[in-house]
Amino acid sequence: MRLARRSTIAALSLALPLSLAACGNSGSDTAASSSSSSMPSSSSSSSSSSSSSSSDDMMAKPFGAGCSAVPADGKGSFSGMATDPVATAASNNPVLSTLVTAVGEAGLGETLNSAKDITVFAPSNDAFKAVPKATMDAAMKDPKGLLTKVLTNHVVEGRLTPDQLAGDHKTLGGGTITVSGSGESFKVGEANVICGNVQTANATVYIIDGVLLPK
């Protein structure tokens, strides 16, 4: 009898640790499986983040065939212009030298530099060359009147991103300009945007190939 009882106790002693070990492993496997299934897919998250970053980069970059005429470095480059207020930034860009001269004649430099969050449709030098000489002479002879009206007809409140550009916009000169197009192709009235989404410290600039003369 004693021998049989001892054999039974020994068998139970061996069986108990084995069953506890089995339970322990089952719990670990369940937890690991649960943890694995609840974790988000790292590749999916990474892909979404990458797509968002790529979209943001596209929105932040200047676009247009005319951008190649902007200096690659220095104060007149895109990165250089981004650190200065708009009138100062334009004065460092050789593509906009005629506009800068006109702004100076009208005494609008400080007004533009101190403005908060504006969009400027900036005619290139070639755009001014296309304006009839009589019209340009008349504007330059009346800097506080006609010239100021022409220049403020190129400025609207708010920093318009490319996806906000199409539509009618009230100008600081009291008129309305109409922008049509999408993506990287826009027209402002009859003028084309040749280099868009250029950033300065206080403005977004769209360089255009025509002067927006008020009616």
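The values are calculated or read from the model by the stated rules, or taken from the named source; none is laboratory data. Because the structure is a prediction, the values reported are computed rather than measured. Neighbour counts are summed over all protein chains in view; Cβ atoms, including those assigned to glycine, are modelled from backbone coordinates with ideal geometry. Please note that ligands, DNA and RNA were not included when accessible areas were found on the heavy atoms of the full protein model with its side chains. Shrake-Rupley method; radii C 1.70, N 1.55, O 1.52, S 1.80 Å.
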| remark: For segment 129-172, the count of residues that are under 19 Å from the mean Cα position of the chain (by Cα) and more than 25 Å from Phe186 (Cβ to Cβ) equals 0
| Cross-chain or 6+ apart pairs with Cβ under 6 Å, segment 94-109 first and under 15 Å from Val205 (Cα atoms), then open to solvent by less than 40 Å² (accessible area, probe 1.4 Å) and hydroxyl-bearing (Ser, Thr, Tyr) | Val95/Ser124
| Restricting segment 61-94 to residues that are within 19 Å of Asn113 (Cβ to Cβ) and of a type in the set (A, V, I, L, M), which is nearest to the chain's Cα centre (by Cα)? | Ala82
| remark: The strands (runs of 3 or more DSSP E) lying entirely within segment 100-215 that contain at least 2 residues which are open to solvent by 70 Å² or more (accessible area, probe 1.4 Å), farther than 15 Å from Gly66 by Cβ and modelled with pLDDT of 95 or more are 167-170, 176-182
